[in-house]
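Notes follow once the structure below has been shown.
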Amino acid sequence: MTAASIRWTRPLLLVLSALLLTLVPNSTAMAANPATASRGAEVVAVTRVADRQVDLSVRSSALGGRTVNVRLLTPDGWNPKDRRHHWPTLWLLHGCCGDYTSWTNLTDVARVDSLRDVLVVMPEAGWNGWYSDWWNDGQGGDPAWETFHTQELRGLLERDWGAGARRVVAGLSMGGQGALMYAARHPGMFKAAAAYSGSVHPLLNDESVDRIMGFFAGQGDDPRKVWGDPVAQRDIWAAHDPYHLAKGLTRIPVYLSCGDGTTGPLDPPGTTSALEADFNRQNQALAGELDRLGARRLTTHFYGPGTHGWAYWQRELHSSLPMLLRGLGVDH
């Protein structure tokens, strides 16, 4: 059952936050603890949206002071007031044109029994944010999604909301790129990573570059604001391209999956996807590069017929969970 979040004034928060946090496991609407600022992030409201599902509204300096939401799928017995107990954490990243609600709204993740001992973190990453600190004509600044996730939100969750230091990450499409990029660019942050139909080599060829530039243009702005020009700022593009970051992925277990864009068993008849076909070529290239670099813990599931859709991503989440849970040290 969804309830509206309750926003208290700061004076009331100082008095009531400790009491309200004791109600987190059972209440339907809660005020936030004002002491949740972490490296520029602050929780300003908390909303229980369903059994074991809690939304945090987080004001972020990395996002120009804007407030965005993070959905938590909480483990059994979760109580953020108990600062002694920290839970192994799965970061689950959404794709382009989705948001922090996508995984719970469009898959059965909230009903997966093997995740009842895991804190699942599903952060907002922008409709088309690409898990990146935007170049913005060389000026940087808002949005800085990577800084928000890997610094601000990470610190906040681990201090005040029961997240442990043992983490794994998975994502689809844009989020698949984000999962591999974060794992490679932040050594030691994640113990395993999985990408489902991920944009894992945007510099593969002109088609791939043009396609992602088209996504960037979907911001209604100059597409070069994200990573710059693909020629003049090629180094920035490469720094966000998992293929060019592959050496950093050889340290951990990695799961790659993708269809080939033709009609698959989970598609309506006649459905095809040029996007999935492009991502399939990208994933094949990344798998080859990881193999060349001697990656010993690479799992691939290139399942042939299949398009860019949630039915496949739910299936692939289930397929990759044993690997991810081993990374967390959780008995599955």
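Every read-out reported here was derived from the displayed coordinates using simple, explicitly stated rules and does not represent laboratory data. The shown structure was predicted, so the numbers you read here are calculated from the model rather than taken from an experiment. Neighbour counts are summed over all protein chains in view; Cβ atoms, including those assigned to glycine, are modelled from backbone coordinates with ideal geometry.
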For this session: Give the long-range amide H neighbours of R166: residues separated by 5 or more places, or on another chain, with amide H under 5 Å away, using H modelled in the peptide plane at 1.01 Å from N.
Result: T89
For this session: Step through the residues of segment 261-276 one at a time and calculate ³J(HN,Hα) from phi using the Karplus curve (6.51 cos²θ - 1.76 cosθ + 1.60, θ = phi - 60°), rounding each to whole Hz and writing x for Gly and Pro.
Result: x, 8, 4, x, x, 9, 10, x, x, x, 6, 9, 8, 5, 4, 5
Problem set entry | Radius 12 Å from Cβ of H244, net charge of other residues (Lys, Arg +1; Asp, Glu -1) | 0
Problem set entry | Cα-centred dipole magnitude for the chain, charges only on beta-carbon of K, R (+1) and D, E (-1), debye, nearest 20 | 1240
Exercise. In what sequence, highest mean first, do 102-112, 197-207, 128-138 appear when ranked by Cβ atoms within 10 angstrom?
Worked result: 197-207, 128-138, 102-112
Problem set entry | ³J(HN,Hα), Karplus 6.51/-1.76/1.60, whole Hz, each residue of segment 60-76, x for Gly, Pro | 10, 5, 5, 9, x, x, 6, 10, 10, 9, 9, 9, 10, 9, 8, x, 4
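Give me the net charge of V168's neighbourhood, meaning all other residues with Cβ under 10 Å from the Cβ of V168; Lys, Arg count +1, Asp, Glu -1.
+4
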Exercise. So what's the net charge close to G228: Lys and Arg +1, Asp and Glu -1, counting the other residues with Cβ under 11 Å from its Cβ?
Worked result: -1
Problem set entry | Hz values of 3J(HN,Hα) by residue in segment 122-139 - Karplus curve (6.51, -1.76, 1.60), Gly and Pro given as x | 10, x, 5, 9, x, 3, 8, x, 6, 6, 10, 7, 5, 5, 6, 6, x, 8
Seminar exercise, completed: Here the chain gives, from Cα atoms, an Rg and Dmax in Å of 19.5, 60
For this session: Could you check the simple spin-label distance between D137 and T272, using points 7 Å along Cα→Cβ, in nm with one decimal?
Result: 4.1
For this session: Compute the distance in nm between two label points, each set 7 Å from the Cα along the Cα-to-Cβ direction, one at E158 and one at A217.
Result: 4.1
Exercise. Once amide H atoms are built 1.01 Å from N in the peptide plane, which residues 5 or more positions from H301, or in another chain, come under 5 Å H to H?
Worked result: L256, S257, C258
Exercise. Given a Förster distance of 35 angstrom, what is the FRET efficiency for Q233 paired with T300, based on the Cβ-Cβ distance and rounded to 0.05?
Worked result: 0.70
